[in-house]
Amino acid sequence: APQPTLIQPKHMSGGSASAAPFVRLGEAGKWEIQPEGAQLLQRIEAPIVVVAVAGLYRTGKSFFLNTLAGNTAARAKAGFRVGSTTESCTRGIDVCVPDGDAGQCGRGSLVLLDTEGLASMEQDEAYDAQVFALSLLLSSYFVLNSMGVIDEAAVDRLYLIGELSKHISVSAAAAEGPAGGGGGAAELASFFPPFLWLLRDFVVDMRDADGQPLAPDAYMERALEPRPSTARRAAERNETRAAIRDLFPSRSCATLVRPAAEEADVRRAIGLEASQLRPQFVEGMSALKQRILGTAPPKALLGEPLDGSMLVALARQYTAAMNTEGVVPSIRGAWESVVEERCP
C-alpha cells in the first residue's frame, strides 16, 4: 500500500503540521467544531473513508495512526501529536487528511480521526461517552485500541459500549422514548461501522483449551461469550459482551507486539526509522495497513456517500444535539438536516 503524505494547511502555524483539531469542548462547556479541522475536510469533494481510533488514554492511539499514515521518523511532526508522559496528548477529536494519490485507499479519500483517551483523570464518564459516541457516528471504520489480552478487566473498561443506546438514537421518535435514546441494538447496528479490536503490546500465544492455536478473531469471539452468572459482576460484564456482539456484527481482532524492545526506544518510537523498530512490529503494522486501507468502506448514510463538507455538517448536527440538555444525537434527523443544508 502507498505511504500517505498529508496536507500542510496554509492556515496552521509552523508550516509542518498536517493534523488539526476538529472537535473540542469549549470554555462554556459546549462542543465546538474547530475551523482548522473543518477546513481540512472541506477540501475533499470525493467520497471519504473515515478511520477512527478510540481507547484508554496513553495507549499509543496517536502513534498507531501516525504509523498508518507514514508520519513517523523524518515526518513525525507532520501527524498527530504524541508524547511519553502521563498527560493526554489528544483533546476531543483531531483529524488528519492524506493528500493526493497517497490519500486514496481504494474506495475513497482517507480521513483519520484521533480521539481523546478514555478514563483519564481530567475528564468524567459523560465526557468520555460523548467522545466515544461521536467518533462512532463519524467513522466508517472503527478501531478500538487496548493493551494486552482480553480479560475481565478489559471488558470492564468497555462499559461505554453498553451505554451507547443511551447516547445515540436512530430517529427523533426513538430519542423521545423512556430510555432517552436508542431505537434498538439491531437498528443502531445497521448504522455502525466495522469494528476492529486492536490488542497492543501482545506477547502471549493464542491457544484453546486443548493447546491448539487460535486466530485473533476466534480469540475475541471466545472472550465475548457469556460467562456463568455465578461469577463476580458477571451480569454487568455479560451485558457489555452482548452489546459488542449486537452493535458490531462486522467485527474482527488483530494484535501488535511492542514497537521496540528497549523502554527508551518505545518512548521515542515515533521518531525512529522502520529499521530501528522490531521486525515483528513492522510486519504486523504493514499487514494491518493493507487490511484497513483495503477493506474500510466509504462513509455513507442511508445509502448516500459523504464528502468532507458533509462530514463537517454532520458533526455540527451531532454536536448541537449533544449541547442541548435532554437531547441525544439522532442519526436520521442529523442526516436530514445535512441534506437540507446542501440542497436548500
Say we look at the stretch 62-108 and pick out the residues that are touching a Lys or Arg at 6+ places or on another chain (Cβ under 9 Å), open to solvent by 10 Å² or more (accessible area, probe 1.4 Å) and in a helix (DSSP H, G or I); which of these is modelled with the lowest pLDDT?
-> T67
What about I33, is it farther than 28 Å from A154 by Cα and open to solvent by less than 20 Å² (accessible area, probe 1.4 Å)?
-> no
Output for the stretch 311-326, where each listed residue is open to solvent by 10 Å² or more (accessible area, probe 1.4 Å) and touching a strand residue (DSSP E or B) at 6+ places or on another chain (Cβ under 9 Å) | R316, Q317, A320, A321, M322, N323
Can you tell me how many residues in the stretch 46-61 are modelled with pLDDT under 80 and at negative phi?
-> 2
Residue list for the stretch 138-173, filter: aliphatic (A, V, I, L, M), open to solvent by 10 Å² or more (accessible area, probe 1.4 Å), touching a residue at least 60 places away in the same chain (Cβ under 8 Å) and part of a helix (DSSP H, G or I) | A172
Condition set among the small types (G, A, S) and in a helix (DSSP H, G or I), scope the stretch 109-136, selection nearest to T324 (Cα to Cα): answer is A126
All-but-one check, G333 against (1) closer than 18 Å to A133 by Cα; (2) not in a helix (DSSP H, G or I), failing number (2)
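The values are calculated or read from the model by the stated rules, or taken from the named source; none is laboratory data. Bear in mind the structure is a predicted one, so any value in this text is a computation, not a measurement. Positions of Cβ are backbone-derived with ideal geometry, glycine not excepted, and every protein chain shown enters the neighbour counts. Side chains included, ligands, DNA and RNA excluded: accessible areas come from the protein's heavy atoms. Shrake-Rupley method; radii C 1.70, N 1.55, O 1.52, S 1.80 Å.
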